[in-house]
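Q: Got a structure for you, written out below as structure tokens; questions coming shortly.
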Amino acid sequence: MMTDPIADLLVRIQNAMRRGHASVTVPASKLKAEILRVLKSEGFIGAYHREDVEGHPVLKIQLHYIGEGEPVITKMQRVSRPGKRVYVGCRDLKQVMNGMGLSIVSTSKGLMTDQESRREGLGGEVLCQVW
């Protein structure tokens, strides 16, 4: 039984990038698709799409690399977990790696980066950090 599907998504992406895979598949959900939308818009991953494999919906993610196989994503870290939720106001959102990374925040207007959240004046649950 998987208790944290977001952490599973992050670990699968990290492991696939460390091994140099071109793509990775993960079980599909709306929240995972939204996280991937944010990562794609910020240039951390390539395209992603939903497909059915053996009757189960999955998300197939194309991974990005720099130069000679160096992964774009150095690290992904889960912040808010099922056992300990982390909520912050827009003024309390910290920059990740002095602006080189991003936090994905679940707000009342959907998922967005920490920068967008500060600009909109919205706080929320910090799901993860990527750099």
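Q: Hey, could you check segment 84-113 for residues that are in contact with a Leu (Cβ under 6 Å, 6 or more places away or on another chain) and part of a strand (DSSP E or B) and say which is surrounded by the fewest Cβ atoms within 10 Å (Cβ to Cβ)?
A: 107
Q: A further question on this structure: Out of all the residues in segment 21-31, is one or more within 30 Å of residue 123 (Cβ to Cβ), without any contact (Cβ under 8 Å) to a residue 24 or more places away in the chain, surrounded by fewer than 14 Cβ atoms within 10 Å (Cβ to Cβ) and over 11 Å from the mean Cα position of the chain (by Cα)?
A: yes
Q: Kindly indicate whether residue 116 is farther than 20 Å from residue 9 by Cα, surrounded by 15 or more Cβ atoms within 10 Å (Cβ to Cβ) and without any contact (Cβ under 8 Å) to a residue 12 or more places away in the chain.
A: Yes: the conditions hold for residue 116.
Q: All but one of (1) farther than 17 Å from residue 128 by Cβ; (2) within 14 Å of the chain's Cα centre (by Cα) hold for residue 66; state the number of the condition that does not hold.
A: The one condition residue 66 does not meet is (2).
Q: Please tell me if residue 83 is over 30 Å from residue 22 (Cβ atoms) and without any contact (Cβ under 8 Å) to a residue 12 or more places away in the chain.
A: So residue 83 passes the test.
Each reported figure results from applying straightforward, stated rules to the coordinates on display, with no laboratory input. Predicted model, so just to flag it, every value in this text is computed and none were measured. Backbone-built Cβ (ideal geometry, glycine too); neighbour counts: all protein chains shown.
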